[in-house]
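Visitor: Below is a structure I'd like to ask you about.
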Amino acid sequence: RNLGSNDAPLIRSAILTNPQLAVLKLGYNNLGNVGANLIAEAIHVGGGLIMRRSGSVGGGNGGDSQSQQLPLQQQQQYRHHPSLSVLDLGFNNVGDEGCTSLANLAVARNPSLATLYLSGNAVREAGALALADVIAAGCGLTSLHLTANRICAKGVKGLMRSIAEFDVTMQMAQQDRENRMALEEEKKKRVMKSNNGNHTARGRGGEGGEEQDDILDSLELGDGDGDDGPDDFARLSGFKCIKELHLGGTNMESTGCLSVSNMLLTNLSLRVLCLSDNGLNDQDLSLFSQSISRNRQLPLETLRLSFNKLTCVGVET
């Protein structure tokens, strides 16, 4: 407690020198945008480029001198802290600037960071849209806490669009992977069946056997249909869809609730949703309930709607 922006460099150093650090809880301090910027930068390089450039951390075995000789392309592979999965910066007076830094440096394309807790800060629409951009491009976040940040309807709309788009992208990539595997299996079966009656195909040193091996090898490499290279599912490996979303007290009102309802129509990942204290009424919940009813595959387990303007009619809906 009582940590301020002046203490942020020490936190930055702790992140850089502890590759095994998995959970970092810094809630209820006053780190502000300056602290968020430094923490985001440290997570981004993960102990790679910053330590090698400054020489502030010595391995004792010449590790720094060896790493400085590496090409820049090889050094960049150290980006992002390898173990940090939970970052809690709740109630730290972090605004749009700090949130944007966290989004672009700590969250973007980072498969390790799974939980980002930013509740009770000063994040507004711009910060929410920065998070939306990196979610749409792929990241490891599964739990996002933005409770008591006035991101309003536009911020919520941007987040919902990105969450919906990436969830559908993952669904399509998964389906494409399954289709590819089924097709490859069917091809192999046809080849085996066509050669089943050929007694010379398996002969030692026979041309038929070599030909069959070549065919099978080409199938395993994905040749034959122009599908060379990794599929979308492999490209998105390590990235996750949002499973927990906390948007209580974000001032979304009816417009924001509509955006959430639209997102739920196609979502197959969300399990926890908090919309408390958003001024929602019975009419808002009517649209919301229709989305839940239409998407039978939605795995929603927890729904929090406290401190809204609901009556028995809305609850019944």
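The values are calculated or read from the model by the stated rules, or taken from the named source; none is laboratory data. Worth saying up front: this structure is predicted, and the values here are computed from it rather than measured. Positions of Cβ are backbone-derived with ideal geometry, glycine not excepted, and every protein chain shown enters the neighbour counts. For accessibility, only protein heavy atoms count, side chains too; no ligands or nucleic acids. Shrake-Rupley method; radii C 1.70, N 1.55, O 1.52, S 1.80 Å.
Visitor: Once R0 is set to 22 Å, what does the formula 1/(1 + (r/R0)^6) return for the Cβ-Cβ distance between Tyr28 and Val86, expressed as a FRET efficiency to the nearest 0.05?
Guide: With a Förster radius of 22 Å, E is 0.90.
Visitor: Another question, if that's okay. Given the Cα-Cα distance of Thr255 and Gln174 and 0.36 nm per residue of separation, how much length would full extension add, in nm?
Guide: Extra length available between Thr255 and Gln174 comes to 26.0 nm.
Visitor: Continuing with this model, one more query. Check the straight Cα-Cα distances from Lys25 and name the lysines below 27 Å, setting aside those fewer than 8 residues away within the same chain.
Guide: List returned: Lys240, Lys243.
Visitor: Suppose R0 equals 30 Å; then what is the FRET efficiency for Val272 and Arg235 from their Cβ-Cβ distance, rounded to the nearest 0.05?
Guide: FRET efficiency, Val272 to Arg235: 0.60.
Visitor: Shifting gears a bit: Using a basic spin-label model with each label point 7 Å from the Cα along Cα→Cβ, how many nm lie between Glu165 and Glu301?
Guide: Distance between the two pseudo-spin positions: 3.0 nm.
Visitor: What order do you get for 179-191, 119-131, 243-255 when each peptide is scored by the mean count of other beta carbon atoms within 10 Å, highest first?
Guide: Details: 179-191: 12.7, 119-131: 22.2, 243-255: 20.5.
Ranked by mean Cβ neighbours within 10 Å, highest first: 119-131, 243-255, 179-191.
Visitor: What is the distance, in nm, between label points placed 7 Å from the Cα along the Cα-to-Cβ direction at Asn18 and at Asn6?
Guide: It works out to 2.3 nm between the two label points.
Visitor: Measuring from centroid to centroid over Cα atoms, what is the spacing of the range 84-120 and the range 140-159 in Å?
Guide: Taking the Cα centre of each part, the range 84-120 and the range 140-159 sit 12 Å apart.
Visitor: Report, by chain and number, residues whose modeled amide H sits under 5 Å from the one on Ala122, excluding near sequence neighbours (fewer than 5 apart, same chain).
Guide: Answer set, sorted by chain and number: Asn93, Val94, Gly95.
Visitor: To continue, here is another question. For the range 93-175, what D do you get in µm² per second when you plug the Kirkwood radius from alpha-carbon pairs into Stokes-Einstein at 25 °C and 0.890 mPa s?
Guide: 194 µm²/s
Visitor: Out of residues 5 or more away from Phe307 or on other chains, whose amide H comes under 5 Å of its own, with H placed 1.01 Å from N in the peptide plane?
Guide: Asp277
Visitor: Still on this model: Could you order the peptides 100-112, 21-33, 258-270 from most to least packed, using the average number of other C-beta atoms within 10 Å per residue?
Guide: Put in order of decreasing packing, that is 100-112, 258-270, 21-33.
Visitor: Let me ask something else. If I compute solvent accessible area with a 1.4 Å probe over the protein chains, what percent of it on the range 236-286 is carbon and sulfur?
Guide: Of the solvent-accessible surface of the range 236-286, carbon and sulfur hold 44 percent.
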